[in-house]
Amino acid sequence: MRRLSRAEYLGSVVREGILPMARPDLRKIPVMQHFPCDAGKYITAGIVFSRYGDTENASIHRMLVLSEAKVAARLVEGRHTATLHKAAREKGDRLPVAVAIGVHPAVTIASCTRVPKGKELPYAAELLGGEIRVFQCPNGVLVPEAEIILEGYIGGETTSEGPFVDITGTYDIVREQPVIEFCGMHLAKDFIYHGILPAGNEHLMLMGVPYEPAIYRAVSAVTEVKNVVLTTGGCGYFHAVIQVRKQTQGDAKNAILAAFAAHTSLKHVVVVDEDINPADLQDVEFAIATRVRGDQDLLVVTGARGSSLDPCQAPDGTNVKVGVDATMPLGREHEFRRARWD
């Protein structure tokens, strides 16, 4: 089996020419309203490809349809699309973008993975075996093959975006967000519209799974890691169970701190031993029930940055994080292991 390069993103991005565009008309696309109190119809699987200067980016953003040629896009502050837009606005420019809907799953995975800025397409190429074909929109943005491609710009216009049911299954708040104005549209023949059900399994997987290796790498710097699981009950995003092989008594707490640093949206972390299956929540609960003392094994971090999707988040963007050391004390393992017939 061919192995991916670990951090070099060596996949080949092959340009195929200029993509012809027609007049944009979002009424031709079967965009849906997913829940009763959503602000309207939302594009939920649109990958926003952007380019400014020598920097490119690709990431999924929810987009509220405003008219036949405009959407309001939720751009999380500090993330790559938002920083590119800010850089463009500071110079009086608009940010060129292209929204691709209905791409190869490898492209979707790449757009959700926390790779260095501009490396999403090379990473997608590696996932596809080493090469990806892309087309250039008239505004200069490169996009892969897709069922639907919308060319446009993000300028200075903003509008209210939300409410919208996001990953928690609860309604996210209303915010003032940038408007994307489309100037071109390309539809494949007999195109298929791809929508992601908010808070559904596909949504949880795309949001959470790319963070598991990031947490794994961070925790590996402080102790030996065996596995990392972002749990479904934690919205695939907020709760992590980390399986470790302890070397010293403080390893579990260091693992907790490393995990919070690697994934700032994490809210609760449980660290378990090798004999506990991190994907089996009954097993994890057993570890909490028999190996945790509340006065010794809880780590509470107040005033830490959290997720904007968490209803518990304070107005200043901070939250409270809790880590649970559910590992056996070193040297006393025989007191805590379950009896077995070997």
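Quick note: the coordinates plus some simple rules give every number you see, no bench work behind them. These numbers come from a predicted model, not from an experiment. Note: ideal-geometry Cβ built from the backbone for every residue, glycine included; neighbour counts use all protein chains shown.
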Check: the stretch 12-196 dipole with +1 on Lys, Arg Cβ and -1 on Asp, Glu Cβ, in debye = 140 debye
query = Label-point separation (nm) for ARG114 and LYS189, each offset 7 Å from Cα along Cα-to-Cβ?
reply = 4.4 nm
ask   = Equivalent-ellipsoid semi-axes (√(5λ), Cα gyration tensor) for the stretch 210-335, whole Å, largest first?
value = 23, 15, 14
message = I want the antiparallel fraction of DSSP beta bridges within the stretch 210-335, as a percent rounded to 5.
response = 55 percent
ask   = Got a sec? Charge dipole of the chain, +1 on Cβ for Lys and Arg, -1 for Asp and Glu; which of ASN139, HIS80, CYS112 is way out at the positive end?
value = ASN139
task = Taking the Cα centre of the stretch 210-335 as origin, sum charge times position over the Cβ atoms of Lys and Arg (+1) and Asp and Glu (-1), and report the length of that vector in debye to the nearest 20.
result = 380 debye
query = With respect to the cross-link table entries LYS253/LYS321; LYS91/LYS119; LYS28/LYS70; LYS226/LYS246, which display a Cα-Cα separation exceeding 21 Å?
reply = LYS91/LYS119
request  = May I ask what percent, to the nearest 5, of DSSP beta bridges between residues of the chain are antiparallel?
outcome  = 80 percent
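Between LYS91 and ARG338, what length in nm is gained on full extension when 0.36 nm per residue of separation is reduced by their alpha carbon distance?
82.5 nm
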task = Using Cα centres only, tell me the gap between the stretch 109-149 and the stretch 34-48 in whole Å.
result = 23 Å
request  = Collect residues whose amide H, placed 1.01 Å from N in the peptide plane, falls under 5 Å from the amide H of ASN227; neighbours closer than 5 in sequence don't count.
outcome  = GLN243
query = Taking θ as phi - 60°, what are the ³J(HN,Hα) couplings along the stretch 315-320 by the Karplus curve (6.51, -1.76, 1.60), each to the nearest whole Hz, with x for Gly and Pro?
reply = x, 8, x, 9, 8, 10
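Would you mind counting up the charge near LEU330? Only other residues with Cβ under 10 Å from its Cβ, with Lys and Arg at +1 and Asp and Glu at -1.
Counting the neighbours of LEU330, the net charge comes to 0.
So between ILE18 and GLN247, what do we pick up on full extension, going 0.36 nm a residue minus the alpha carbon distance? All intermediate terms of the calculation are to be shown ahead of the outcome.
Working: separation 229, 0.36 × 229 = 82.44 nm, distance 5.64 nm.
Contour length minus the Cα-Cα distance gives 76.8 nm.
What is the dipole size for the chain, taken about its Cα centre, with +1 at each Lys and Arg Cβ and -1 at each Asp and Glu Cβ, in debye to the nearest 20? Spell out each step's value before the answer.
Numbers: 37 positive and 41 negative charges, 90 e Å.
Result for the chain is approximately 440 debye, rounded to the nearest 20.
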remark   = Calculating Cα Rg over 2.2 N^0.38 Å from this structure picks out, from [x] 1.10; [y] 0.99; [z] 1.30, entry [x]
ask   = For the stretch 12-196, what is the Kirkwood hydrodynamic radius in Å, using each pair of distinct C-alpha atoms?
value = 16.4 Å
query = Where does the charge balance sit around LEU309 when Lys and Arg score +1, Asp and Glu -1, over other residues with C-beta under 9 Å from its C-beta?
reply = -3
inquiry  = Quick check for you: which residues of the stretch 233-273 have the amide N under 19 Å from the point 7 Å beyond the Cα of VAL320 toward its beta carbon?
reply    = 238-240, 257, 260, 265-270
